[in-house]
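The values are calculated or read from the model by the stated rules, or taken from the named source; none is laboratory data. As the structure is a prediction and not an experimental result, all values here were calculated from the model. All Cβ positions, glycine included, derive from the backbone under ideal geometry; neighbour counts span all protein chains shown.
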Amino acid sequence: MRIASSIGLLLSAFLADAQPRVVINELLASNQHALEVNGGTPDWIELYNAGNRTAQLAGMRIAYQGRQHVIDAPLTLAPKAHLVLLADAHPERGPEHLGFTLDRTGGTVLLIAADGFTISDLFTYPSLPFDVGVGRLPDGAAEWSFFTRTSPGLANRAGAEGPLRGRAPMPEVEGLDACLAGPCAIRLVAPEGCAVRYTLDGSDPSRAEARTAIGPVPVERTSVLRAQVVAPGKLAGPERCVVVDVQQRPVERVDLVADPHHLWSDSLGILVSGAQANHTRQGALWERPGHFQDIDGRMSPVQLRISGSGSRGLAKRSLKLYAEEDALFAFADGTRCDELMLRADAGPHAYLRNRLMEVVVQQHGLALEVQPSAPVDLWLNGTHWGLYRRMPPKDAQWLAQCSGAEAVDVLEGPALVERSGNDERFLAARDALLAGAPVDSLEAWLDLASLIDLACMDLYTGRADHDLNVRCYRPRMPGGRWRWVLFDLDLWAPADENSVERMCAASQPETPFIPQLLGHPDLQVRLLARLTALQASAWATDHLIHLADSIHAADAHLLEADQARWSNELDRPSPTASLEAMKAFVSQRPQHLFTYLGQRTGRRVERVTVEVPPPDQGRVLLNGLALPPGRRQVLCLSGIPATLAIEPAAGHEFAGWRGVRGGPVVQVADLSRMGTIAPRLRVTVP
């Protein structure tokens, strides 16, 4: 009996060992440089067959955060062999590609048998630094380890430090308050048995040149402290990154910290100039890790890239930051995004023009999306880097929040590159516009108010790159229509340039479709009526000059500091010269623009006087836009109708019009035929 039992146990053990036993052996949820596949750096999961028979994987499932990926193609895994599955959310690329990505903050991955119920293996991983993997050690074992050097498709081996089965804590920093008064000494604190490695120049504290903290650390000037705890048998702890100020921090200051090696080295640096010029390369392979201290003083880990096109070849470049660990950037319009733009604005011309038009859109409620920006003084590794604008990227995440939709289609540039969703609905809308379809048909696809406002802004500024700086989006919901994003308004034409003919002479149809709008009988009237109202209100010369002066005065200290910072590296006018050039433009542009529009459409250019009461008496609206108070000279084109309205202030009531008949809201068939128009108001008796 005992002999039979022993034979049975041995046979059972033999049969179990002879079966395939597939396990999750290793994974990387934050791949940056550890594995490159076709120019990308996807996350990955490695399977291992710990048994002695070939495993058939077809029908098995990989489950993660409520999603399941079914292996629906023949895949086999030989005994003691490895298989790497790419977590890139592109299952259409082949059976080794999963339908999801991995979250670097941690999660649980399940391997489910082909029956759809049996859990073959389960692996839970914690938050991981970039390029640090976690897996079994040795292959297929119950014990696990972090791996600072991953081995996709190969046997797992511990590094020189041995198995890493925990992570050290973050160090504490004491004595920072004393640094605001000048040179100081700080203390870096860690648990007993641990050491703190640190740098004061933004360098990675894991580098060999980092120092080990022994006693107080002297700080003589504003420095960037990066420190982490190291301990035997543990992965180095999360970094503590602190900008140690020896003077009071300005309100607008933000700090970006990155290893100088990642910024300036010939092989990896993204700010290198000359022959290396790594800033010309793009994609995730050119992201670099760093830390960002925002306006609110909060320091967060980020990934950074060079951004934009026009500034890439300049010494002062735009940057894009990607937040880590579910951190979000908050913006003035109430949106919260996990990405942040730091736009360089190469000179005061670009800064003032962009800010002016941004404020115009926001103040007057134009039917365009414009990124809310805030001027900030950027410091890079403790060195002054100049004036930037802090803003959300014009991508699907921001646009979905702007529209209140769960998802959006986003297209970019003249080629209509699909940044999110698809272009099917836009192509149909464009074909209808080119064919001169009726307005009600076009309205089903396009937000015509948005397209017309974009055309107005492009015509007014005459921007030279209007055909390139194009982005439109559609809320993916019933009735969702295409709208436009207004951005990069820095390349204005000379005030007397005939932008109307230039934009109408394009060899291919291009946004904002000026010849199509002017060639459509109904849309021409709508466009010219909108231009009439805008030049009398949002673009009124005295209004824009006052607004430009206000922006310049508010940001003069930042503009002057930026000018001093880049004076030896960038050839550009002074902020004052840029302001005067802008004021000259807004004084001259309306007359030139309307002259060219009249020539193109065969309409006469006329002036009509509208007397607008002071704000405490009421306001006059022309086609829905409020006119500034005073005696206004309104440019208009013959044959264009208009709507005039008076909104009395408290304590006043409407008593009629001078120069036109009607009630508080009056329709004028041809504004150019009017002389002087003035509302009559009277004080109401309490």
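Below, the figures for the structure above:
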| quantity | calculated |
| --- | --- |
| Among residues of segment 134-154, those that are in contact (Cβ under 8 Å) with a residue 60 or more places away in the chain and under 20 Å from Ala78 (Cα atoms), counted | 8 |
| Residues of segment 104-121 satisfying the condition of being outside any strand (DSSP E or B) and buried (at least 18 other Cβ atoms within 10 Å of the Cβ) | Arg104 |
| Of all residues in segment 459-490 being in contact (Cβ under 8 Å) with a residue 40 or more places away in the chain and aliphatic (A, V, I, L, M), the one that is surrounded by the fewest Cβ atoms within 10 Å (Cβ to Cβ) | Met477 |
| Qualifying residue in segment 194-211 (condition: in a strand (DSSP E or B), over 19 Å from Pro129 (Cβ atoms) and polar (S, T, N, Q)) | no |
| Every residue from segment 654-675 that is in contact (Cβ under 8 Å) with a residue 40 or more places away in the chain and under 14 Å from Leu622 (Cβ atoms) | Leu671, Ser672, Met674 |
| Matching option when the condition is crowded, with 21+ Cβ neighbours inside 10 Å and within 28 Å of the chain's Cα centre (by Cα), among Ala538, Ala556 | Ala538 |
| Any strands (runs of 3 or more DSSP E) falling wholly within segment 213-282 and containing at least 2 residues that are closer than 29 Å to Ser145 by Cβ and touching a strand residue (DSSP E or B) at 6+ places or on another chain (Cβ under 7 Å) | 223-230, 240-244 |
| Test result for Leu83, over 22 Å from Arg157 (Cβ atoms) and assigned to a strand (DSSP E or B) | no |
| Top-ranked residue of segment 364-392 - restricted to ones that are surrounded by fewer than 21 Cβ atoms within 10 Å (Cβ to Cβ), under 28 Å from Met477 (Cα atoms) and not aliphatic (A, V, I, L, M), ranked as farthest from the chain's Cα centre (by Cα) | His364 |
| Pairs with Cβ under 8 Å, 6+ apart, first in segment 418-442 and within 16 Å of Val470 (Cα to Cα), second among the β-branched types (Val, Ile, Thr) and crowded, with 16+ Cβ neighbours inside 10 Å | Glu418/Val410; Arg419/Val410; Ser420/Val408; Ser420/Val410 |
| Candidates Arg197, Arg226, Arg187, Arg240 - the one that is of a type in the set (Lys, Arg) and either more than 35 Å from the chain's Cα centre (by Cα) or surrounded by fewer than 16 Cβ atoms within 10 Å (Cβ to Cβ) (or both) | Arg187 |
| Which listed residue, of Ala55, Ala50, Ala34, is in contact with a Gly (Cβ under 9 Å, 6 or more places away or on another chain), at pLDDT 85 or above, surrounded by 13 or more Cβ atoms within 10 Å (Cβ to Cβ) and of a type in the set (Gly, Ala, Ser) | Ala50 |
| Verdict on Leu635 being in contact with a Phe, Trp or Tyr (Cβ under 7 Å, 6 or more places away or on another chain) and touching a residue at least 40 places away in the same chain (Cβ under 8 Å) | yes |
